[in-house]
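Inspection log for the structure reproduced underneath, given as structure tokens.
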Amino acid sequence: MDNLFLSTIGTFVTGAILSLLLKSKGKIANRVSNISAITGSILGIIMSGSLLIGRFQYHTIIQTSFPLLNISINVDQLSAFFILVISTVSLTSSIYGLSYMQKFIKQYSVGSFGFFYNLFIASLILVSSASNSLYFLIVWEIMSITSYFLVIFENKKSENINAGFLYLVMTHLGTAFILLTFLLLFMFTGSFEFAVIKQQANNIPLLVKNVIFVLALVGFGTKAGIIPLHIWLPRAHPAAPSHVSALMSGVMIKTAILMMIRIYLDLMPSGASWWGIVVLIIGAISSLLGVLYALSEHDIKKLLAYHSVENIGIILMGLGSAMIFYSLGMIPLAILGLVAALYHTMNHAIFKSLLFLGAGSVVLQTHSHNMEEYGGLIKRMPYTAVFFLIGAVAISALPPFNGFASEWATYQALFAGVIAQSTLIKGSFVLAIASLAFTGGLAAACFVKAFAVTFLAKPRSEAAKNSVESPMLMNVGMAILALLCLVLGIFSGSVVPEIIAVTTSLSAMSNYTPAIATSPQSVTVSQGFASLNLPAVFIALAGVLTIVMTLVYIKTRNQKVSAVDVWDCGAPPLNSRAEITSTGFARALIVMFGSLMRPTKHTIIENNISNLPYYPSSKTVNLEVPNVYETKLYRPVHTILSFIASKVSIVQNGNVNQYLMYIFVTLIGLLLWSNF
Amino acid sequence: MEILIFVIKFLYVPLISPLCIGIIRKIKAIMQNREGASIFQPYNDLLKLFNKDEIIAPTASWIFMYTPYLLFTITLIISMGLPFLITGDNIFGVNDFLVMIYLFAFSSFFLSLAGIDTGSSFGGFGSSREMTVLALTEGGMLFSILPLAILTNTTNISLMASSLAGLDFVYYAPVLISFIAFFIALLAENSRIPFDNPATHLELTMIHEAMILEYSGKRLALIEWSAFNKLLIFAILGANLFFPWGINSSANLTTTFLTMAITFAKVLIVITAVAVVESSVAKLRYFKLPDLLFTSFILGVISLFLVVI
Amino acid sequence: MLRLYTKIFKNPKTLISTQTLYHNPDITIIGEKLQSKIGKLFSGSLAIREVAAGSDNSVEQELTALTNSYYDIERFGIHFVASPKHADMLMVSGPVSRNMIHALKVAYECTPNPKIVVAVGDGAIDGGIYKGSYATVDGVKNVIPVHFEIPGDPPSPVTILTSLLNILEIIDSKKLGQQNG
């Protein structure tokens, strides 16, 4: 196992260095970097898979000469689960990247991209396996920095640089809070080692625990993209190349979920029940608002990014319910909640990366992120359309795909909470169920919009008209994920026991009978409260569909089918301008949720004759959903910070002599302080 | 014997559903002082459509082609999970109410895609409205059944119905409130007045009809038929889940036919209510729909709190 | 509300009796030959799409009257539909103004087979009072094949209804095949 882990990381690092060395030969660099990433991912799958199947963990500590810093690696079941998800997504993304990156070879440095890409995947795996907080912070930073360089890869576009900068600021804001979290943990446990922290967790006073909870929630919440800390997501994801978006949205933000589980349910599990309520409500708000913002988007990748906010919300609802149950001592139900969260984590990684890859194929052909310029691609890119449709069906939580299976489990966890003890807890669970119910419907609406506007009807631009099917390798990457969407759903009866095993491997959860049980066909929760039999649904759908089609064919085989244009009420032939647009599709919902979204509308009418309003020459309608977080939250904070910074800058005058004096004074001060 | 009962249950919904639509239309006609079409008219309509040729726009893709079959299939499958003729096990896996709600969402999802597929502008906004109504109904649907699930400690619809049948009458208040919530969701999901006028010819006001304007022949028949089925499924749910008296487990043919007859009698009451509502109220303005749908949702929440507190 | 319901059920129905309709003389004019197979297909269900091809709206008013509670066309299994793709019968009114030629053709193409075209009103039959005008093409038959004609300017609802019943009867009993044969 030692060798396997090191060779996984080694493969990525070698790939990174090789691709940097081959920088001048873009084509070869691209191949080398992606093939090493593929190899590394396969090794990662083998490693984590064998750990999961064998139900053992891999642990190693390398001492370093720095005080307090050990390279402590601990791949327990939970880490292995996340590494499996990371490796699967990176495998398909890299297969996709092999041909996707070719269009950049002439314009940008693909070699340096390969360097950061490989390091990024390696850091994802290292973050998931880190077991020492200082070492964790280092690899966490590597992950943030490499992903920053991946975001600004297309550096000739200024908006990408801006997006990257925002991402950098936000991620370091998060890191600051994480740093504080670990420092507080160090203060009260005396160690940076996770294992020691876990043993000493009982010594932490309750108040400090609460502070740690809040700090970690903000810190990791920034990475996960909970509302209102989500603002970097819809900027950074569209800027990055699509398979990097797939990795960032599919797995990078999940590392934050891993760390939340790690801290709240593994390192110091005896929290107050209001922690869970807070997480649950944040999840409910994030999911509902995330999907509403997604609806208002017409940039396909921003839309997908907002859906990540939504799905993180759903995962947090599972996690929050687990935390509440845990604090109430209802461990079997806590396991159910955590299983739902982990299951959805995995499923979201699969279908969201599938959708990002699909979006990447579309963007590659149409050279636009704007969905209003797509249309009719189902005829031109039939395979991509099928894959994207599967992703859309899965993310809309429609049976029998995987998104439904995990949302169903989340529902069950929430239902169980409704019967819980106090009214406050009941109320928050009801809120969460309501949010999840509306989120489900809204997500379906949003993906009808995304799929229909992109792939159906007539093309709305020249580029869309001339687009062709993407190369085979890109389709292979998507096909694997699409198949997984179906398989992970239908075989939920075989997938869930593995996740239950991961959950019960946490020391806080072991020795309890989970409130969720499985048989090869079905998943049952709370001693028969509900059971889900997705294979039956799938077989019934397929079987009855075949019967219906056969019968209808026999009945109507003599009837002719002829092609006549769309009924246009006798007007001259309809063109693509008459189709519904992405904005138009979602407008009604946005207006109906107006109190949350505050949509604005500006109409500009230009008249031919300026004083006569009867002959308008043009009419422009601007529909917008304002970004309240920037104007109401971040702008004021920014103003205050700039003010403080301007005061502080008095001591920062750029004079080297003065800086030397500062150092001198500080040293003297320290010496004096240590003497007293 | 079991196979025979299974087949009877499988065919019950598709065979009876046109009759229910015929009865609704008849009642509406009577309320308008008309004589109206025969109650068997929908059968004639379907039969005729199956015998006609088809016209499909060249812009349409496979989504447009296969959606009607999918819709019809989904209604057939869901009908097997309904709480009448309880056959014990659940071979299609649709007894869970979440599966049922999300399968209906599945059919709306594809119907909306099919509406946009041809590039018809009517289809486009029909789809937009359908998904809007669906998204807002989801809460009411879920929360109208959830109280019963908590009350009976199961999400299995058949088990829910059979344990509700033994419920003391004094505990019935939440069930009644739930039923009102469910009834509003029923009207919304089935595109009835006040949400949508199933008899309208004005494209600009349509929801469901706008999406199927481009269909003809057998595919139109399938879509119409699945809409009929959907209404009957909701009616049976309303009649047998909320008022679960007279449901038998189907041991033999006699009880099977008895249950079918009782169910049909109860369904008649529900669809009469639908017809009377349709005749008495006006169609709501589109942007007023959320008010009604949120009412349904809030009623569900109230009922839930009555159950859990 | 209650008063409304009681009023509805107190008031007797005022319907035109079927007897008078069925015994009216045959006033439908049969144009072209219809395939005899149509007969059994439409029995009991006929969907009509109305196309106003430059008419003066008089015919439309009479057609609208068919759906009211006096004539109540629905009881015969006849109903109007929103799209020609759902229709079995196109009812064309008006002398077909030049702007409507394209629309009429498209509507005809969009109607799936088997289909019937009925020209309603004198205008639709041969141009009526607009005959010879430069703006019209003098009747539907010059644009698309016409199977039945209902004369009158405009034909009264009774005439239209009686003719429709006749048409149904003709189709039903395959009278058409015999007449032409």
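Quick grid of which residues meet (1) within 30 Å of residue A:35 (Cα to Cα); (2) more than 19 Å from the chain's Cα centre (by Cα):
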{"site": "A:107", "(1), (2)": "yes, yes"}
{"site": "A:136", "(1), (2)": "yes, yes"}
{"site": "A:144", "(1), (2)": "yes, no"}
{"site": "A:161", "(1), (2)": "yes, yes"}
{"site": "A:183", "(1), (2)": "no, yes"}
{"site": "A:192", "(1), (2)": "no, yes"}
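Quick one: how many residues across the range B:13-63 are under 30 Å from residue A:566 (Cα atoms) and among the aliphatic types (A, V, I, L, M)?
Residues that pass the stated criteria total 9.
Taking residue C:30, is it surrounded by fewer than 22 Cβ atoms within 10 Å (Cβ to Cβ) and modelled with pLDDT of 85 or more?
No: the conditions fail for residue C:30.
Looking at A:609, A:590, A:604, which is the one that is in contact with a helix residue (DSSP H, G or I) (Cβ under 9 Å, 6 or more places away or on another chain) and of a type in the set (Val, Ile, Thr)?
Every option except A:590 fails the conditions.
Assuming residue C:144 fulfils every condition listed in (1) within 30 Å of residue B:207 (Cβ to Cβ); (2) at pLDDT 90 or above apart from one, which condition is it?
Tallying (1) within 30 Å of residue B:207 (Cβ to Cβ); (2) at pLDDT 90 or above, residue C:144 fails exactly one: (1).
Only residues that are among the acidic types (Asp, Glu) and over 24 Å from residue B:195 (Cα atoms): list them for the range B:238-283, please.
Result: no residue meets the conditions.
Might you let me know whether the range A:541-562 holds any residue that is small (Gly, Ala, Ser) and under 30 Å from residue B:154 (Cβ atoms)?
yes
Across the range B:30-52, which residue is surrounded by the most Cβ atoms within 10 Å (Cβ to Cβ) among those that are aliphatic (A, V, I, L, M) and more than 7 Å from every other protein chain (Cβ to nearest Cβ)?
Checked the range B:30-52; the qualifying residue surrounded by the most Cβ atoms within 10 Å (Cβ to Cβ) is B:49.
Within the range A:1-53, count every residue that is aliphatic (A, V, I, L, M) and touching a Phe, Trp or Tyr at 6+ places or on another chain (Cβ under 8 Å).
Qualifying residue count for the region: 8.
In the range C:134-150, how many residues are of a type outside the set (A, V, I, L, M, F, W, C), surrounded by fewer than 19 Cβ atoms within 10 Å (Cβ to Cβ) and in contact with a strand residue (DSSP E or B) (Cβ under 8 Å, 6 or more places away or on another chain)?
Qualifying residue count for the region: 1.
Please find, within the range B:288-309, the residue that is farthest from residue B:148 (Cα to Cα) out of those that are facing chain A (nearest Cβ under 9 Å) and without any contact (Cβ under 8 Å) to a residue 40 or more places away in the chain.
B:309
In the range C:90-114, what count of residues is obtained for those that are away from chain A (no Cβ under 11 Å) and either surrounded by fewer than 22 Cβ atoms within 10 Å (Cβ to Cβ) or in a helix (DSSP H, G or I) (or both)?
So the answer is 2.
Looking only at the range B:183-199, filter to residues that are of a type in the set (A, V, I, L, M, F, W, C) and closer than 18 Å to residue B:132 by Cα; which one of those is surrounded by the fewest Cβ atoms within 10 Å (Cβ to Cβ)?
Looking at the filtered set, the residue picked out is B:193.
Show the residue pairs that are 6+ apart or on different chains and have beta-carbon atoms under 6 Å apart, the first residue being within the range C:105-118 and touching a residue at least 60 places away in the same chain (Cβ under 8 Å), the second being in a helix (DSSP H, G or I) and buried (at least 24 other Cβ atoms within 10 Å of the Cβ).
Close Cβ pairs satisfying both conditions: C:111/C:84.
Working only within the range C:47-68, note down all residues that are touching a Pro at 6+ places or on another chain (Cβ under 6 Å), within 12 Å of chain B (Cβ to nearest Cβ) and part of a helix (DSSP H, G or I).
Correct list: C:66 only.
Can you pull out the helices (runs of 4 or more DSSP H) entirely within the range A:156-268 that have at least 1 residues that are farther than 23 Å from residue A:347 by Cβ?
Once the helices (runs of 4 or more DSSP H) in the range A:156-268 are filtered for at least 1 residues that are farther than 23 Å from residue A:347 by Cβ, what remains is A:158-189, A:194-200, A:206-224, A:233-239.
For the range B:95-102, check the following and say yes or no: at least one residue is part of a loop (DSSP other than H, G, I, E, B), touching a residue at least 12 places away in the same chain (Cβ under 8 Å) and under 20 Å from residue B:230 (Cα atoms).
Yes, there is a match, as at least one residue in the range B:95-102 is part of a loop (DSSP other than H, G, I, E, B), touching a residue at least 12 places away in the same chain (Cβ under 8 Å) and under 20 Å from residue B:230 (Cα atoms).
I'd like to verify a number: residues in the range A:450-463 that are in a helix (DSSP H, G or I) and either within 20 Å of the chain's Cα centre (by Cα) or more than 7 Å from every other protein chain (Cβ to nearest Cβ) (or both), how many?
Here the count works out to 7.
Just checking, does the range B:126-146 include any residue being in a helix (DSSP H, G or I), surrounded by fewer than 24 Cβ atoms within 10 Å (Cβ to Cβ), over 18 Å from the mean Cα position of the chain (by Cα) and free of Cβ contacts under 8 Å to residues at least 24 places away in the same chain?
no
Please go through the range B:278-293 and pick out each residue that is surrounded by fewer than 16 Cβ atoms within 10 Å (Cβ to Cβ) and assigned to a helix (DSSP H, G or I).
Answer for the range B:278-293, where residues must be surrounded by fewer than 16 Cβ atoms within 10 Å (Cβ to Cβ) and assigned to a helix (DSSP H, G or I): B:280, B:287, B:288, B:291.
Taking the condition of being of a type in the set (A, V, I, L, M, F, W, C), in a helix (DSSP H, G or I) and under 13 Å from residue A:75 (Cβ atoms), how many residues in the range A:47-59 meet it?
So the count comes out to 3.
Between B:77, B:55, which is facing another protein chain (nearest Cβ under 8 Å), out of contact with any strand residue (DSSP E or B) (no Cβ under 9 Å at 6 or more places or on another chain) and modelled with pLDDT of 90 or more?
Step by step, each of B:77, B:55 is checked, and only B:77 is facing another protein chain (nearest Cβ under 8 Å), out of contact with any strand residue (DSSP E or B) (no Cβ under 9 Å at 6 or more places or on another chain) and modelled with pLDDT of 90 or more.
May I ask you to verify whether residue A:467 is assigned to a loop (DSSP other than H, G, I, E, B) and either modelled with pLDDT of 90 or more or of a type outside the set (Lys, Arg) (or both)?
yes
Identify all residues within the range A:321-343 that are assigned to a helix (DSSP H, G or I) and not aliphatic (A, V, I, L, M); write none if there are none.
A:321, A:325, A:326, A:327, A:332, A:337, A:343
Just need a number here: residues in the range C:69-85 that are within 7 Å of another protein chain (Cβ to nearest Cβ), within 16 Å of residue C:157 (Cα to Cα) and assigned to a loop (DSSP other than H, G, I, E, B).
The total comes to 2.
Among the listed residues A:428, A:396, A:406, which satisfies the condition of being over 24 Å from the mean Cα position of the chain (by Cα) and either within 11 Å of chain B (Cβ to nearest Cβ) or small (Gly, Ala, Ser) (or both)?
Being over 24 Å from the mean Cα position of the chain (by Cα) and either within 11 Å of chain B (Cβ to nearest Cβ) or small (Gly, Ala, Ser) (or both) holds for just one of A:428, A:396, A:406, which is A:428.
Would you mention how many residues in the range A:155-171 are crowded, with 17+ Cβ neighbours inside 10 Å and either out of contact with any Lys or Arg (no Cβ under 6 Å at 6 or more places or on another chain) or among the hydroxyl-bearing types (Ser, Thr, Tyr) (or both)?
Total satisfying the criteria: 6.
Let me confirm something: among A:415, A:401, A:447, which residue is over 16 Å from residue A:276 (Cα atoms) and either without any contact (Cβ under 8 Å) to a residue 24 or more places away in the chain or facing chain B (nearest Cβ under 9 Å) (or both)?
Unique residue meeting the criteria: A:447.
Show me the helices (runs of 4 or more DSSP H) entirely contained within the range A:493-599 in which 1 or more residues are crowded, with 16+ Cβ neighbours inside 10 Å and of a type in the set (Gly, Ala, Ser).
By residue number, A:534-556, A:582-592.
The values are calculated or read from the model by the stated rules, or taken from the named source; none is laboratory data. If you're wondering where the values come from, they're calculated on a predicted model, not measured in any experiment. Backbone-built Cβ (ideal geometry, glycine too); neighbour counts: all protein chains shown.
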